[in-house]
Amino acid sequence: MSSSLTAEPSAEHEQTNTDTMQDSFDFERNEQHPENGGQMNEPSQEQEQVNMSVAPHSGRPCMQLKGALVPMTVLELNYFELEQFTRDIKAKTSQAPDFFDNLPIVIGLEKFEENGSLPFKQLIEACQEQSIRVVAVRGGSELLQSAAKQAGLGLLPKQKERQTVETAETASPELPEPSENTQAAQQQETPTVQTQVETVEIIKKVIQKEKQISKVVHQPVRSGQQVYAPDGDLIVLASVSAGAEILADGNIHVYGSLRGRALAGVKGDTQARIFCHSMAAELVSIAGQYKISEDIDRSVLGKPTQVYLDKDALRFKEIDL
Amino acid sequence: MAKIIVITSGKGGVGKTTSSASISTGLALKGNKTVVIDFDVGLRNLDLIMNCERRVVYDFVNVINGEATLNQALIKDKQTDNLFILPASQTRDKEALSKEGVEQVLNELAETFDYIICDSPAGIEHGAQMALYFADEAIIVTNPEVSSVRDSDRILGILQSKSRRAELALDPVKEHLLLTRYSPERVENGEMLAVEDVKEILAIKLLGVIPESKAVLTSSNSGVPVIHDQQTDAGKAYDDAVERLMGRERPHRFLTAQKKGFFKRMFKGSATA
């Protein structure tokens, strides 16, 4: 993925984000038809971010840079031959014309034949005829990458080693471990089934990830104590006293009264949130944006509350139970 | 097996020593062989409250340093059987309490006593940490006001993290809340935190509520722990607390303003009308 441009000063933040993305979405259907030319993957979850929100002109800065996860379709290229490519891509787009309409696409070059040449201009034009917009290439040799650059495409680093996805038979949730599969088995599958398999896979991975990194505290967090959950969520099954401080790289959940300080997303995760059963915090902070007790929205005091970051402002919202 | 109970609060002047005197007396009156140790080295008070300051020859620090035996330093209470006092040194400071020394003294006491009550100094420094380090149970003395509650919360955190039980990952120290100087009238007027508020903030089990009473000061000055005076509310409340500490059920008393005040006001009102 391209370098993560965020408003956060912390380099670690980028690293964290990147890791999470790769671990969570590190999968790919293996849908190869070696006899085919450049064949097209079904929309596969790819990460990409580059999201510039432009503020209305009211004296505020006219732009800001934010990191975001955007699903992207990757067109994985085995080799390139204009005629066959055009034929294949037409066949694909005709299956779902709406889906491909003005679709941004990344060209995956990990499987591209060694020493093969790739006329990017032809490739881009062939795609454009099907109203597909090529925005970047991923992986590939230095030579290919510099050619892509000249053709005005963005460059993404090579995808890590992926694992193949399990077959439909092994995809039921009670069979958790993905297994290596033969291509033959995969070729039998319909795309719908595979999409479901992927979803299950993603959910499972996310759950596993959270299990590994969440920190659960059963005791009250007392005045003067500090609890930090690095790399994940912090869950406190009691109250957090005034004068105590709880911190997490991820979200914070307090199933009691939050009377102390709570800092979520301390490495800059702007998506982190704070949830508590009763809001009476001295200070809350998400990704460095903070509010002290007297600035906290009066209407949520003593109530079940979630705190999140909306652009650069902390928002307090009562949780309706 | 002796039970080691620390009486602590974080904040000073909330009634740790008064409570130590009454609770240890109460335990002894109920037939338990009890010793109360003054950990407030340099600010020795317990012997005054227990009316034995003129009999102090050797003290806790002397025993730790091997300058006296435990039997030489222990003072037998004249008012109560089964009760002994180990006074603090007035001429030393709290650094004289070494962890090994304290442990040795406690181990020796544990051989003969049922209850070892440790009267902690105020604060969260070395003296207070030594007093709570070996505790099996803790009585947190709190006044119904915010700074006292905050300090109690702090000391609860230290109990959870710096006691021997915490360090060895044994069962945690059993925590009891003792709310002292409670005035139901002032709570009703909104001038004082209610017992429910304190319980909610500290989230520990309530051992007892000692009502504000003139008898407490009188008894401290005269060197007779207030639990001896079972005519007073404070004496009765301490007695209840000791029963609960020994694992018996007792309903909480003295939590509401007394009704006779109403008739008094009526009478007063009609007299002045």
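The values are calculated or read from the model by the stated rules, or taken from the named source; none is laboratory data. Keep in mind that this is a model prediction, so the values were computed, not measured. Glycine gets a Cβ as well: all are built from the backbone with ideal geometry, and neighbour counts include every protein chain shown. Just so you know, the surface numbers come from the protein's heavy atoms only, side chains and all, with ligands and any DNA or RNA stripped out. Shrake-Rupley method; radii C 1.70, N 1.55, O 1.52, S 1.80 Å.
The amide H of residue A:236, built 1.01 Å from its N in the peptide plane, has A:217, A:253, A:254, A:255 as neighbours under 5 Å, considering only residues 5 or more places off or on other chains. Inter-chain Cβ neighbour count for A:221-231, averaged per residue, equals 4 (cutoff 10 Å, partner chain atoms only).
Highest mean packing comes first when the peptides B:153-165, B:68-80 are listed by Cβ atoms within 10 Å, giving B:153-165, B:68-80.
Rounded, prolate or oblate for segment A:215-318? Axes are the square roots of the Cα gyration tensor eigenvalues, ordered a ≥ b ≥ c, and the cut-off for rounded is a/c under 1.5. Numbers along the way, then the final one.
On the way: a/c = 1.58, a/b = 1.09, b/c = 1.44.
Verdict is oblate for segment A:215-318.
Evaluating 6.51 cos²θ - 1.76 cosθ + 1.60 at θ = phi - 60° for every residue in segment A:269-277, the Karplus couplings come out as 6, 6, 8, 5, 9, 10, 10, 8, 7 Hz, glycine and proline recorded as x.
Size check on segment A:73-156: the Cα extents along the three principal axes, sorted descending, read 34, 22, 19 Å.
For the residue pairs B:16/B:99; A:317/B:199; A:158/A:215; B:76/B:205; B:33/B:162; B:16/B:162, the C-alpha atoms sit more than 24 angstrom apart in A:317/B:199; A:158/A:215; B:76/B:205; B:33/B:162. Across chain B, the relative contact order, built from alpha-carbon pairs under 8 Å that are at least six residues apart, equals 23 percent.
Partner shielding of A:235-248 amounts to 2, given as the average count of beta-carbon atoms from other chains within 10 Å of each residue beta-carbon. Taking a ≥ b ≥ c as the square roots of the eigenvalues of the alpha-carbon gyration tensor, segment B:1-65 is classed rounded because a/c is under 1.5.
Residues whose amide H falls under 5 Å from that of residue A:228, counting only those 5 or more places apart or on a different chain, are A:247, with hydrogens built in the peptide plane.
3J(HN,Hα) along segment A:106-118, derived from phi through the Karplus expression 6.51 cos²θ - 1.76 cosθ + 1.60 where θ = phi - 60°, amounts to 10, 8, x, 10, 4, 9, 5, 4, 5, 6, x, 9, 9 Hz, with x in place of Gly and Pro.
Ordered from largest to smallest accessible area (heavy atoms of protein chains, 1.4 Å probe), the residues B:125, B:249 come out as B:249, B:125.
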